[in-house]
Structure formats: structure tokens, C-alpha cells
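Undergrad: Dumping the structure here so I can ask a few things about it.
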Amino acid sequence: MNEQSVNEWYSELRQNGLLISSPILDSWLVEGPLSPEERKYEQLRDAYTTYITRSEANPSDHTVLYLWLDTVFEQFLGHDPAWWQKYNQIDERFVVDHSSFSGAKLRPDRVLCIRGDLENPRFLVLIEHEARRVGMGRGRAVYSAFVTLLRETGVPLGILTNGSQFRLVYAGLDFDAWLEWEADRWFEDAVGRRQLSGFLTLCGPHGTCPTENLSNPLLHAVSESRSKQGELSQVLGEQTREAVEL
């Protein structure tokens, strides 16, 4: 596989807006995404089969969904359970007033704080219980509320999921962008497995844990992509202005 195609998995995903540009992604993941250990892959596949079977048998039992998400976020991605704030234990700084959305308060279901660092949360997680597809139909209102939550808490990155889709969201001041994975696709073939590797790389410790040079590699890649796009737009705008003058 040549260097230009190692991150082809990224373009195969459903997305809206610019999250990470191809040049930035290729400079960050020079050798492509990290592949999960075979044991972890098999455990995730078995957990997904159990989740689908039990949720189809009893759709109103959300416990099945929560167990599946524990497997994804903690066992597979590798984030220590102690790094998560969940449900009623979530700090009030991550709760905002949003009376237009099913009540007076809007709160995430999970907050990832690496090594318990509440000052620098990595991302928020909101669970969609009703919509069959994230961000579509009735799910549009949930997505809009999630973007509001990210902006008002000052945590720009989040994951919106219903257990079947995992949408990585970036909420800027005046724009939003997202990238979405389909869980059932992960276990179909080599293409789906590469997409799963991308999910692990971006949302796991490789993308979220501090490094020697970066406090948040994933957020840096997103911000750098936006910055480069802004510079390009400025150059093109200047060239257009000069052409009009001529």
C-alpha cells in the first residue's frame, strides 16, 4: 500500500464539513491508523453481537446499550474507567441550561478526563436513545443540542452515538463538522476493519492522550486543518481580487 492510500479509510466514512484535512491526517498518521490487537477485535465483535441480539429482543432495555458502550470506550479504546465521569456523577460545569430540549438542563452521558484532569476534558459523549440514525429525523434536534452543549461547555470535541453509529463532532464558534462510523461495518470485511482502526487511532489514547509536544493530538489536527483551510481561502480570495482588478 503506498503512502497516499494508507488513510483512505477516512474518505470512506460519512462526514460533513472539514474535520481533518487529508494533508494534516497524512502528516499525523504517516503509516496509517493503528490496528487493534486481535484479541480486542474479537472481544468487540462478540460484544456487538450480544448487544444487537439483546437489544432486538428488548428494545427498551438501555442497560444493554450501556454495557456495549462500556466495551467500546473503555475496553476497546483503552480509556481507564476511572477517567470517565458518567451520568449522575458528571460535574456541573458540563451541564448547561437548554430549556428548548426536553427540559431545563442538557448534560452529557459521559465525560473523558484523562487521568482525572477536569480542566482539560478530551471529549463529551451523548447517547441517542430514540433515533435509528444519529442526526437524522428526530435525531436532528439531538445533534443540534449536542453542538450547543459542546460550545457552551467549551469542550469542542464530542461523540454522539446510538450504539450503532458513532459520530465524532467538532463544534467551532460559528461552524460544526463531523465524521461518522457504522459499528456493523467494522466486522464485515477488511475495509470496515480499517475504519475501525481509524476510530481507535483518533478516539483512543493515540488521539486523546497528551504527548511530549501536544496536549491533545486529535484537537490539534482538527485546529490545524481549519487554520490551513483559512490560509488557503485567504490566498484564493486575494488572487480572485487581483484577477478582478486586472
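Undergrad: So, in nm, how far is label HIS129 from label GLU182 when the simple model puts each one 7 Å beyond its Cα toward the Cβ?
TA: 2.7 nm
Undergrad: Quick one: pull the percent of accessible area on the chain belonging to carbon and sulfur, 1.4 Å probe, ligands and nucleic acids left out.
TA: The computed percentage sits at 48.
Undergrad: Rolling a 1.4 angstrom probe over the protein heavy atoms, how many square angstrom per residue are accessible across the chain?
TA: 52 Å²
Undergrad: Nearest 0.05, what FRET efficiency do GLU42 and TYR87 give at R0 = 30 Å with Cβ-Cβ as r?
TA: Step by step, r from the Cβ atoms, then E = 0.55.
Undergrad: Another question, then. Take peptides 218-224, 8-14 and line them up by average Cβ neighbours within 10 Å, highest first, as a rough protection proxy.
TA: 218-224, 8-14
Undergrad: Consider just the alpha-carbon atoms of the chain and return their Rg together with their Dmax, both in angstrom.
TA: For the chain, the Cα-based Rg and Dmax read 18.8, 69 Å.
Undergrad: Considering the stretch 73-143, what Rg and Dmax in Å follow from its alpha-carbon atoms?
TA: Cα radius of gyration and Dmax of the stretch 73-143 are 13.5, 37 Å respectively.
Undergrad: If you don't mind, there's one more thing I want to ask. Could you work out how much longer the chain between ALA190 and ALA141 gets when fully extended? Use 0.36 nm per residue separation minus the Cα distance between them, nm to one decimal.
TA: 14.2 nm
Undergrad: Further, regarding this structure: For a quick check, take a GNM of the chain with Cα springs below 10 Å and name the residue from ALA145, ALA177, ALA57 with the largest mean-square fluctuation.
TA: Its mean-square fluctuation being the largest, the pick is ALA57.
Undergrad: Now a separate question. Give me the extension gain from THR50 to ASN213: residue separation times 0.36 nm, minus the current Cα-Cα distance, reported in nm with one decimal.
TA: That pair, THR50 and ASN213, stretches by 54.6 nm at full extension.
The values are calculated or read from the model by the stated rules, or taken from the named source; none is laboratory data. In this text, all values refer to a predicted model and were calculated from it rather than measured experimentally. Here the Cβ is made from the backbone with ideal geometry for all residues, glycine too, and neighbour counts use every protein chain on show. Heavy atoms of the whole protein, side chains included, go into the accessibility calculation; ligands, DNA and RNA do not. Shrake-Rupley method; radii C 1.70, N 1.55, O 1.52, S 1.80 Å.
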